[in-house]
1. Once the other residues with Cβ under 12 Å from the Cβ of residue 97 are scored (Lys, Arg +1; Asp, Glu -1), what is the net sum?
2. What distance in nm separates the two pseudo spin-label positions at residue 79 and residue 34, each 7 Å out from Cα along the beta-carbon direction?
3. Roughly how much of residue 88 is accessible, in Å² to the nearest 10, using a 1.4 Å probe?
Amino acid sequence: MNKNYFWLGMAAGAVIGAGASLLHRETREQQVSQLKHMKSRLKSHDTSTQAHSVGLQASSKASLKDRVMDLKALYEENQDTIQNLVEDVKDLVDALQDARHKNQI
């Protein structure tokens, strides 16, 4: 029986790529900083939501929209970094393949 490893390979590639990107100090520090900022915003939102549990559905929808916009902004801010890391990983794979080829000869 043939197995399809596409999604497994996709997930493994994402994990490897994310891990490789964290080897870069500036990227790692920037991600930690952004995660702390988003975590504090989510915590402040959660406490305000608990304090006003009923009757604020419109503001809840607005805050959900704010969360989505924050995540979109985070993605857009990091698009260049993501693209650079993808290119770096491709270069690394090429270099590893060249080294492997030389060792086989």
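The values are calculated or read from the model by the stated rules, or taken from the named source; none is laboratory data. Small disclaimer: the values here were computed from a predicted structure and weren't measured. Counting neighbours? That spans all protein chains shown, and the Cβs are built from the backbone with ideal geometry, glycine included. Side chains are part of the model used for accessible areas, which takes the heavy atoms of the whole protein and leaves out ligands, DNA and RNA. Shrake-Rupley method; radii C 1.70, N 1.55, O 1.52, S 1.80 Å.
1. On the way: positive: 90, 100, 102; negative: 91, 94, 98.
Summing Lys and Arg as +1 and Asp and Glu as -1 gives 0.
2. Result: 1.3 nm between the two label points.
3. 90 Å²
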